[in-house]
């Protein structure tokens with residue numbers, strides 16, 4: 001068979017290699033992962049529900065929404081880090097709901 005006639009197989013990554021590459025990429029970045037508009041919409045919706053009960057109108061500065069999003073994402077990243085440690089301690093690689101619940105209980109967060 002001629003070398004040109006034999007089709008070259010496309011390159012295939014090993015299972016999980018792309019996932020690990022993606023994990024490393026997100027660990028290096030400092031960008032926000034949740035889109036700003038959907039996050040702001042959820043914050044405004046929750047705040048409006050609370051404000052209507054109190055009979056108060058609310059307005060939001062963009063810097064306040066940004067600060068809230070930064071704090072929220074930092075909290076979630078820390079929660080996932082600690083949950084991963086618990087899963088590894090249990091000799092698992094999969095983070096489960098009970099890992100997150102235990103982290104929140106140990107921290108004294110609302111459960």
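Since every read-out is calculated from the coordinates, none of them should be taken as a lab result. Owing to the predicted nature of the structure, the values given are computational and were not obtained by experimental measurement. So basically every Cβ, Gly included, is an ideal-geometry build from the backbone, and we count neighbours across all protein chains shown.
For the Cα atoms of the chain, what angle does the longest principal axis make with the long axis of helix 97-107, in degrees from 0 to 90, nearest 10? Orientation of helix 97-107: about 50 degrees from the principal axis.
Over the stretch 17-107, what portion of Cα pair distances is larger than 23 Å, expressed as a whole percent?
Tail of P(r) above 23 Å: 46 percent of Cα pairs.
Principal-axis analysis of the Cα atoms of the chain puts helix 62-89 at an angle of about 60° to the longest axis. Compute the acute angle (0 to 90°) between the alpha-carbon long axis of helix 36-54 and the principal axis of greatest extent of the alpha-carbon atoms of the chain; round to the nearest 10°. For helix 36-54, the angle is close to 20 degrees. Remark: spin-label model distance residue 46-residue 92 equals 2.6 nm, labels positioned 7 Å along the Cα→Cβ axis. If you wrap the tightest convex hull around every Cα atom of the stretch 70-111 and split its volume per residue, you get 63 Å³.
Can you sort 54, 73 so the residue with the fewest Cβ neighbours within 10 Å comes first?
So the ranking, lowest neighbour count to highest, is 54, 73.
Spatially, the stretch 33-66 and the stretch 72-100 are offset by 28 Å when compared through their Cα centroids.
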